[in-house]
1. Find out how many positive minus negative residues lie around Pro24, taking Lys and Arg as positive, Asp and Glu as negative, among other residues whose Cβ is under 14 Å from that of Pro24.
2. So, counting K/R as plus one and D/E as minus one, what does the shell of residues with Cβ under 10 Å around Asn189 add up to?
3. Can you tell me what percent of all Cα-Cα pairs in the stretch 42-211 are more than 27 Å apart?
4. If we sort 38-49, 156-167 on the protection proxy, mean other Cβ atoms within 10 Å, highest first, what's the order?
5. Between beta-carbons, use under 15 Å as the cut-off and find the net charge around Ala214, counting Lys and Arg +1, Asp and Glu -1.
6. Going by the alpha-carbon gyration tensor, a ≥ b ≥ c the square roots of its eigenvalues, is the stretch 38-108 rounded (a/c under 1.5) or, if a/c is not under 1.5, prolate (a/b greater than b/c) versus oblate?
7. Hey, if you put +1 on the Cβ of every Lys and Arg and -1 on every Asp and Glu Cβ in the stretch 5-117, which of Gly55, Ala78, Leu115 ends up farthest toward the positive end of that dipole?
8. Which residue, chosen from Gln102, Val45, Asn64, occupies the Cα position most advanced towards the positive end of the dipole of the stretch 42-211, where the dipole is computed from +1 (Lys, Arg) and -1 (Asp, Glu) charges on Cβ about the Cα centre?
Amino acid sequence: MRLRNKPWATEYIEAHPDVIIPNPEDYKGKWHEVFGNPNPVHIEVGTGKGQFVLGMAKQNPDINYIGIELFDSVIVSALERVVEAEKPANLRLLKVNGAKLQEYFTKNDVSRVYLNFSDPWPKKRHAKRRLTHEGFLKLYESILIDKGEIHFKTDNRGLFEYSLVSMNHYGMRLNYVSLDLHAEMPEDNIMTEYEEKFSAKGQPIYRLECQFTA
Ligand code: SAM
């Protein structure tokens, strides 16, 4: 993701605390208070400019969505989209580090984690930074419901192969694997920005759905 300096981003973010929650640690264990209903919460880690999480929120009004993104200059584009879409009631954004999810969520807060086109960190010495590394799987398990799910899409074959092995070693159950999602193109597939970019170049999109066994 190319980062552009946007000096107005912080002010714009602060002006929309109803979308980008400024104090997410206060809602640990009580996200239903934010949404005003007990519906399941699905999070996307590394939400980028928000096309996927906004599309999902519009498609599934009975699910609550939280898009998590590290950078002001990126999440502000997601925020602009959400404002333009008149702030769906079942969608919030968090400008936090996905490596610190335990500060904001506790066991059973989340029913599903989405990872879309996560940074591949191809060097072996950076493996721990991959969002499907064992350390991250442990983190997701600690905030998910029992048998909670991870849904993962990528164009990066190396990261996909690594993730399959990582999830298998962790003892997760694979429910779905596609080596060419767009050949099947499920009707309900919401494309991310990266997915549009890579599929336009003719690259296959890999996808998996997996589940913790406890
Ligand atoms: N998911 C989007 C898509 O498919 O179009 C964006 C993909 S982009 C390659 C990866 C995004 O993940 C970037 O916006 C990056 O800032 C974000 N990211 C990477 N590590 C993160 C972390 N630890 N916590 C939150 N966001 C992270």
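1. For residues surrounding Pro24, the net value is -2.
2. -2
3. Every Cα pair in the stretch 42-211 considered, those over 27 Å come to 20 percent.
4. The packing order, highest mean first, is 38-49, 156-167.
5. Result for the local shell: +1.
6. oblate
7. Leu115
8. Gln102
Each reported figure results from applying straightforward, stated rules to the coordinates on display, with no laboratory input. Computed from a prediction, not measured in an experiment: that's the story for all the values here. Note that each Cβ is placed from the backbone with ideal geometry, even for glycine, and that neighbours are counted across all protein chains shown.
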